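Enquirer: This is the structure I have questions about; it appears just below.
The values are calculated or read from the model by the stated rules, or taken from the named source; none is laboratory data. Everything numeric here is computed off the predicted structure, so don't read it as measured data. Ideal geometry is used to build each Cβ from the backbone, glycine not excepted, and the neighbour counts take in all protein chains shown. The accessibility values were calculated without ligands, DNA or RNA, using every heavy atom of the protein model including side chains. Shrake-Rupley method; radii C 1.70, N 1.55, O 1.52, S 1.80 Å.
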Amino acid sequence: MTSPLAEIEAKLESCVPLSFDDGCQLWNHHNLLEVGLLANRVRERLHGNITYYNWNLHLNSTNVCEANCIFCSFARLKTGMPQAYTMSIEQAHDWIAERYHPGMTEIHIVNGLNPDLDFQYYLDLLRMIRRDFPELHIKAFTAVEIHYFAQKYNMSYAAVLENLVQAGLGSLPGGGAEIFAPRARQKLCRDKVDADGWLEVHRAAHQLGLRSNCTMLYGTIETIEERVDHLMRLRELQSETKGFQVFIPLAFHADGNRLRNLAPPTGVEDLRTIAVSRLMLDNIPHIKAYWVMLGVKTAQTAQFFGANDMDGTVTEEKVYHMAGSHAPQSLSIEELKRVIRCAGREPVERSTTYKLISRDATAHAAVAEVISAV
Ligand code: V47
């Protein structure tokens, strides 16, 4: 008897992109291991035994946010509300200085949509980091924030991005995509830019030569069809611009937000989402199992279900910890390497844009050998 996944398998073997129906079938297929095996084959074809990580730091310089997203535990609607905060540039400097170590390569910045800040604040923030921490690549501001700046300060997306790049921006993170389908998006985050706008910001960034990441929030109220639609829309833009470097599925966390009565995604759903993403997004090179969001143990397992990246040391994360993540606040480089090795993969340090970072000649030779075998 032929396997129900035989047709999909044949397409994967001849590198034919999967269809909408294939995506739904993979999500509904009863046997997670069969789906995982297909995803792992693609993952190993692309990346061999390598799992990437980086040495990074997170900064959220304000959590004041006009958007009232019902899944969010991090934001506070107005300045002055309990737990609302906005760092001055000096405070942001000190926050980074307290956590910075020579050798770190990236700072990841995501903020609320704060009505009380002018554009100069963001330019000053970037300039301060470029001046005082020149080794850090600045991956900052989701497409939702870029759209907000464009509207509020009356500029085109390209003009916003060009100004930010001149001040030090290096690439865009993938947040704010949530779920593109209007039915779910209206309920989850009606104040945010819609799907077309989110995609248009990334298109504008790619046209300027910037690299960016992309995400999908899963496990709230979306249907399987809406997830597949989301992946296909990302794949479509990627076939046009080739600017996305990594896809990061983001599992819903329920503590402290208005969807707290929803049961969060289980481990099986987490692994299946990683696997289906790897299989559907044939033109996006990397799939990240973000350990803060999945927990270290599932992120390790995900390395055999399609993922080839764990994210980095992170160093104080707020968005997921305020929503109930029990993962540690940070992992050291040694811990990251250990958990990747224990998962049966070869840890390789990367820059934000997936350039190999080798801190000694032996590591360089070992990695060159692994890469040449792929
Ligand atoms: O945009 C917010 C999501 C995103 C919750 O680009 C939630 O490398 C689940 O985008 N449950 C921010 N998800 C995080 C993000 C990210 C993280 C790590 C790496 C990169 C990258 C990007 O987190 C938000 C939203 O989609 N989010 N609240 C929640 N309760």
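Enquirer: Does segment 62-77 contain at least one residue that is open to solvent by less than 30 Å² (accessible area, probe 1.4 Å) and either under 30 Å from GLU9 (Cα atoms) or assigned to a strand (DSSP E or B) (or both)?
Expert: Yes, because at least one residue in segment 62-77 is open to solvent by less than 30 Å² (accessible area, probe 1.4 Å) and either under 30 Å from GLU9 (Cα atoms) or assigned to a strand (DSSP E or B) (or both).
Enquirer: Take the residues of segment 23-45 that are out of contact with any Leu (no Cβ under 8 Å at 6 or more places or on another chain) and over 16 Å from ALA289 (Cα atoms): which is most open to solvent (accessible area, probe 1.4 Å)?
Expert: Step one: filter segment 23-45 for residues out of contact with any Leu (no Cβ under 8 Å at 6 or more places or on another chain), giving 24, 27-28, 30-31, 33, 37, 40, 43-45.
Add one more test, that the residue is over 16 Å from ALA289 (Cα atoms), and what stays is 24, 27-28, 30-31, 33, 37, 45.
Values: CYS24: 17, TRP27: 17, ASN28: 100, HIS30: 154, ASN31: 46, LEU33: 120, LEU37: 102, ARG45: 119 Å².
Ranking the candidates gives HIS30 first.
Enquirer: Moving on to the next point. Which of the residues that make up segment 109-122 are touching a Leu at 6+ places or on another chain (Cβ under 7 Å) and open to solvent by 10 Å² or more (accessible area, probe 1.4 Å)?
Expert: Of everything in segment 109-122, nothing turns out to be touching a Leu at 6+ places or on another chain (Cβ under 7 Å) and open to solvent by 10 Å² or more (accessible area, probe 1.4 Å).
Enquirer: Does MET310 qualify as being surrounded by 19 or more Cβ atoms within 10 Å (Cβ to Cβ) and under 16 Å from GLY36 (Cβ atoms)? First the steps, then the outcome.
Expert: Working: surrounded by 19 or more Cβ atoms within 10 Å (Cβ to Cβ): yes; under 16 Å from GLY36 (Cβ atoms): no.
Spelling it out, it is not the case that MET310 is surrounded by 19 or more Cβ atoms within 10 Å (Cβ to Cβ) and under 16 Å from GLY36 (Cβ atoms).
Enquirer: With respect to SER88, is the statement that it is within 26 Å of ALA275 (Cα to Cα), surrounded by fewer than 15 Cβ atoms within 10 Å (Cβ to Cβ) and not hydrophobic (A, V, I, L, M, F, W, C) true? Lay out the reasoning, then the answer.
Expert: Working: within 26 Å of ALA275 (Cα to Cα): no; surrounded by fewer than 15 Cβ atoms within 10 Å (Cβ to Cβ): yes; not hydrophobic (A, V, I, L, M, F, W, C): yes.
Taking the combined requirement at face value, the residue does not satisfy it.
Enquirer: List the pairs whose first member sits in segment 317-338 and is open to solvent by 20 Å² or more (accessible area, probe 1.4 Å) and of a type outside the set (Gly, Ala, Ser), whose second member is more than 10 Å from the ligand (Cβ to nearest atom) and not in a loop (DSSP other than H, G, I, E, B), and whose Cβ atoms are under 6 Å apart, counting only residues at least 6 apart or on separate chains?
Expert: LYS337/PRO347
Enquirer: While we're on this one: Among the residues of segment 255-284, count how many are touching a residue at least 40 places away in the same chain (Cβ under 8 Å) and open to solvent by 10 Å² or more (accessible area, probe 1.4 Å).
Expert: Taking segment 255-284 first, the residues touching a residue at least 40 places away in the same chain (Cβ under 8 Å) are 255-259, 262, 264-265, 268-269, 271-284.
From what's left, open to solvent by 10 Å² or more (accessible area, probe 1.4 Å): 255-256, 258-259, 262, 264-265, 268-269, 271-272, 282-283.
The qualifying residues number 13.
Enquirer: Do we find that HIS93 is modelled with pLDDT of 95 or more and crowded, with 20+ Cβ neighbours inside 10 Å in this structure?
Expert: no
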